[in-house]
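Have a look at the structure below before the remarks.
Since every read-out is calculated from the coordinates, none of them should be taken as a lab result. Source: prediction; values computed, not measured. Backbone-built Cβ (ideal geometry, glycine too); neighbour counts: all protein chains shown.
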Amino acid sequence: MNLTLTLQPHQADELKRRASLAGTDIHTLLMQMVFDADSADEPSGGDLPYERWRQQFQQWVRTHKTRNPDIDDSRESMYA
């Protein structure tokens with residue numbers, strides 16, 4: 001089956017960025033998104049082997065931006 005998506009340039013760029021962060025191509029990324037959403041009623045991550053869970057978790061983490069990468073959370077700054 002073929003499917004055509006009409007995306008704005010910034011949307012296509014975001015898909016490319018997410019695929020790159022996940023170490024995959026856009027097709028594979030979208031397939032994972034569709035089937036992961038479809039399998040919401042299937043067993044949770046606790047039923048996955050650790051390495052597979054870790055890989056999926058890292059992919060999820062990479063889809064989120066850090067809020068403030070310049071924050072100083074060192075012990076010295078916390079008690080200064």
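Observations on the model:
- Magnitude of the charge dipole, the chain, Cβ model with Lys/Arg +1 and Asp/Glu -1, debye to 20: 240
- Calculated P(r) tail over 17 Å for the chain, as whole % of Cα pairs: 63
- Computed FRET value (nearest 0.05) for residue 7 with residue 70, which takes r as the C-beta separation and R₀ as 25 Å: 0.20
- Seen against the Cα atoms of the chain and their longest principal axis, helix 9-22 is set at about 70 degrees.
- Segment residue 53-residue 27, extension gain: residue separation times 0.36 nm, minus the distance between their alpha carbons: 7.3 nm
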